[in-house]
Structure formats: structure tokens, C-alpha cells
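> Handing you this structure, nothing more for now.
Read-outs throughout are calculated quantities, based only on the coordinates presented, and are distinct from any laboratory measurement. If you're wondering where the values come from, they're calculated on a predicted model, not measured in any experiment. Here the Cβ is made from the backbone with ideal geometry for all residues, glycine too, and neighbour counts use every protein chain on show.
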Amino acid sequence: MKTAIINWENAYENDLVRETMEICEIDDVLAWFEGDPDELRINSETVLFIDIQNPEHTRQTVIYLDGSYQVDETEIIKRLTEFYSVDENGSDSFDLYYNKTESTNENMKNLKNGIAYRGGKGYIYSLYTSKN
């Protein structure tokens, strides 16, 4: 699957995002961040993100929002690219970069470098700590 990783401010320029917004009848990308978006933590700073896939599952766009503007954008893109990476066989290879950890409130609260991911589904986040 081809993956694009973009800042929320540039999301309006992405074809898949625009198409999905039309289907969902929303006119503001930030509306997707009002619920419980996924979280990337870098040095305890939280960057929110969501992913959108086309119906054929051949393209996806990851949109991130750094509300604090404290995290280097290059680092955000690097870590999200690692999380969404696939190997040459098409298998997920994020396990090269992240360890899955038990999903508890304490682990979520103390997550300094990692990802809390629910992928827009369910109520419980899967927690991953960065190996770097």
C-alpha cells in the first residue's frame, strides 16, 4: 500500500483526503481530530494522527497534528514512516522499530517515545514503545 504522511495544514491538497472529506460530508480536516485520534509521543510531547485508506486499500494518507509545535517535523515523519512501514514481501515491519507493550492506563500515561494506536476502531489503544 502506498502511504503519504502529511501535516494537517497540507491535507487539503491531498486527493484521497479531499475525496474522503466529501464522502464524510465534512469541510474541516480538524474534525477528524475531535474524537480519540492516535497518538505519537516523542520525548513526552504528543502528536495526534489519523490514517485514511481508499476502499481498495492501495493508498493511505496519514495526517498528523502537532498542536504544541515542539517536535521536529522530520522526526514526526520518520517515526510515522517507521510505524507504517512494510517490508519487500508486503508484511508489516514496524516491529523492527517498535515493541508492543501492555495496554494499561499507567503505560499510556508514561509513554514517552512510542505510539498509542487504535486506528479509528474500538475504545482501547494498542501501545508501542520505540526501540530507538
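> Output the residues belonging to the stretch 34-65 that are part of a strand (DSSP E or B) and hydroxyl-bearing (Ser, Thr, Tyr).
Scanning the stretch 34-65 gives Thr46, Thr61, Tyr64.
> Right, another one. Hey, could you check the stretch 91-132 for residues that are among the β-branched types (Val, Ile, Thr) and assigned to a loop (DSSP other than H, G, I, E, B) and say which is nearest to Ile77 (Cα to Cα)?
Ile124
> Further question: Go through (1) within 20 Å of Ser130 (Cβ to Cβ); (2) in a strand (DSSP E or B); (3) free of Cβ contacts under 8 Å to residues at least 40 places away in the same chain and name the single condition Thr74 misses.
If we test Thr74 against (1) within 20 Å of Ser130 (Cβ to Cβ); (2) in a strand (DSSP E or B); (3) free of Cβ contacts under 8 Å to residues at least 40 places away in the same chain, just (2) comes out false.
> Then there is this: What are the residue pairs meeting all of these: first residue in the stretch 107-119, first residue at negative phi, second residue in a loop (DSSP other than H, G, I, E, B), Cβ atoms under 6 Å, and 6 or more apart or on different chains?
Lys112/Ser44; Ala116/Tyr125; Arg118/Tyr125
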